[in-house]
Structures are given as structure tokens and as C-alpha cells.
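Notes follow the structure.
The values are calculated or read from the model by the stated rules, or taken from the named source; none is laboratory data. Just so it is clear, the model here is predicted, and its values are computed rather than measured. Glycine gets a Cβ as well: all are built from the backbone with ideal geometry, and neighbour counts include every protein chain shown. What goes into the accessible areas is simple: the full protein's heavy atoms, side chains included, and nothing from ligands, DNA or RNA. Shrake-Rupley method; radii C 1.70, N 1.55, O 1.52, S 1.80 Å.
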Amino acid sequence: MFKKLAIAAVVSIMLNGCGAEDREYDVLERSKEEVTIKSLDTKSLWMYMPSTGAAPRYAISQRGFFQGTPKLVTLSFDEKNGIVATEVDRDKLAEASDSRWDSDINGAPVLKIPGEFREYRCHENKFKECTNAEELNSDKDREWTDATHFTPDYSQVTSLARDTVDTWYTASNVTETAEPTLDHYEFDAEKGVINIEVTRYFTADP
């Protein structure tokens, strides 16, 4: 569905913005991680599950293959933080039922995935005619909420909640000494899956 929607959007731009000219639409180069804003389901409940992968045997403060605490969250976009996962009030047990304390103030930030918001349009000539070339909308009066696409920086995914997984990496004698690297990511709009695997590097005080 996601691929079909993306293709349909491009066709729509070509037909509506560029008339019947038989020229190829010159699309800007895009990151392979880029997703459409509409593809992220911000209405449903998601299950957030942190876990660790392999860890060196000598790293006693890091526990490998450990599963953290699952949380029910909602996803939303934020100008400065990108995609934000917020834990719903613990009184809410099902998507169809409301919490007795159903207020935004009870939502606890859990995770953020920073990135870049973008909006594309057809470049126009001085006669306001489409030139069959796509451009980035960088108008000063453009709001970030006008964006149609988002490019996540998965390597900078950040936990905002203390979890049993995090305690193994935040011991007093442990320091993160290198930038994290992205090993794998999956964003499947149809299945409702976001899976991120990041390697982090730590040094322990002897």
C-alpha cells in the first residue's frame, strides 16, 4: 500500500502540475529512509519493546539479549524531536476504551526518532508554469506542519524513559565513547512495524 500511494502521489503531481507535456518529471534525489507523513499511523496504539542484542562477555555492566519492559504508546510528529512515542495512561487497557484519566498531561515520553521534514513542489518559471522539475519548498512562511515527507535519522534514536534495558548502559563507571551506528531498520506502513537496530559503543572505567 505504501509503495502504491507513493507512486500515485508522483503521478498526481505530474498530471495536475505539469499538464499534458510529454516530458519526464525531474524528481529530486531522496533518502531511502524517507517516508510520507500520512504513512505513519498516529491514531492507533503501538507496542513499544526495547531490547538488547549481543554484548561482549567482558562487559559486565551490559547484558546481552535482554528484553525490556513493553509499553503501550501512540506515535506523533514533533518539529524538534521528529517521531515521538508517548506512553498512554496505564489505566487504558484497550484501543477502544478511554482511560479514566484521559488527559495529554498523563502521557509519558518514551522514545524519539529525530529527522528532517520536507515538502516538495513543482518548480515554476516566471509565468507560474510548472517546468517539470521538482524542488524543495523552502519558503520562509512555510510551517513544519506543511511537510509531506519525513526522513528519520534512525542512528540517533533516543530513549526518553528509564527502562531495565537502559540501566545496563548507564552504570556510573560506563561512558558512551563513539557515535552509534545503524545496523538495520524496517518501516512497514502496511504491517504497522518500525524496527530499529543500533550499535552503541561504551568504555568502562577499569
* Is it the case that some residue within segment 118-128 is free of Cβ contacts under 8 Å to residues at least 12 places away in the same chain and at positive phi? -> yes
* Asked: Which residues, taken from segment 99-118, are at pLDDT 95 or above, open to solvent by 40 Å² or more (accessible area, probe 1.4 Å) and either over 23 Å from Asp163 (Cβ atoms) or assigned to a loop (DSSP other than H, G, I, E, B) (or both)?
  -> Glu116, Arg118
* To do: Restrict the check to segment 97-117 and report whether at least one residue is closer than 29 Å to Lys32 by Cα and among the β-branched types (Val, Ile, Thr).
  => yes
* **Matching residues in segment 33-79 - criterion: being open to solvent by 80 Å² or more (accessible area, probe 1.4 Å) and modelled with pLDDT of 95 or more** => Lys38, Glu79
* **Out of Ala96, Ala161, sole residue that is in a loop (DSSP other than H, G, I, E, B) and within 18 Å of the chain's Cα centre (by Cα)** => Ala161
* Would you mind finding the one in Thr164, Thr175 that is modelled with pLDDT under 95 and open to solvent by 70 Å² or more (accessible area, probe 1.4 Å)? => Thr175
* Asked: Within segment 72-106, can you find the residues that are in contact (Cβ under 8 Å) with a residue 60 or more places away in the chain and more than 17 Å from Asp41 (Cβ to Cβ)?
  -> Glu79
* Starting from residues that are part of a loop (DSSP other than H, G, I, E, B) and touching an Asp or Glu at 6+ places or on another chain (Cβ under 6 Å), keep the ones in segment 119-158 and report whichever is surrounded by the fewest Cβ atoms within 10 Å (Cβ to Cβ). => Asn137
* Residue among Asp26, Asp22 that alone is out of contact with any strand residue (DSSP E or B) (no Cβ under 9 Å at 6 or more places or on another chain), farther than 30 Å from Glu87 by Cα and modelled with pLDDT of 50 or more -> Asp22
